[in-house]
1. Criterion first (among the aliphatic types (A, V, I, L, M) and over 30 Å from ALA85 (Cα atoms)) does LEU28 satisfy it?
2. Looking at ARG42, ARG70, ARG27, which one is surrounded by 10 or more Cβ atoms within 10 Å (Cβ to Cβ), of a type outside the set (Gly, Ala, Ser) and at pLDDT below 95?
Amino acid sequence: MLDFERVREKEKGLRQKKAKIEADLNRLLAREKEAARRYDTRKKIVLGGMILKAVEVGDVTADYVAALVRSHVAERDKKLLVGTAFAISETASPVVTDSDSRE
């Protein structure tokens, strides 16, 4: 004959283990997501630094980078470049093409 009290205790223990495993899994997933975000941020910083260096040494013109900004940077982010060589005037809006990069 089953002892319902023992069954309930066993169920309670298993539910606690399940909750702990789920909490551990959520922590692990959050850590993974944070690591991916940090990696993405670092990648963007390195790319930005490379572009600035390319302009500095003359491998790429500031006008070309400004054209890239016009084409690929969100409107809300363009204001971050005000006061730089890559600032965008409201009237200019040339589009970057593959042939532009070979000039």
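1. Answer is yes for this residue.
2. Values: ARG42 fails: at pLDDT below 95; ARG27 fails: at pLDDT below 95.
Going through ARG42, ARG70, ARG27 in turn, the sole match is ARG70.
The values are calculated or read from the model by the stated rules, or taken from the named source; none is laboratory data. None of the values given here were measured: they were computed from a predicted structure. Heads up, the Cβs are rebuilt from the backbone with ideal geometry, glycines too, and the neighbour counts pull from every protein chain shown.
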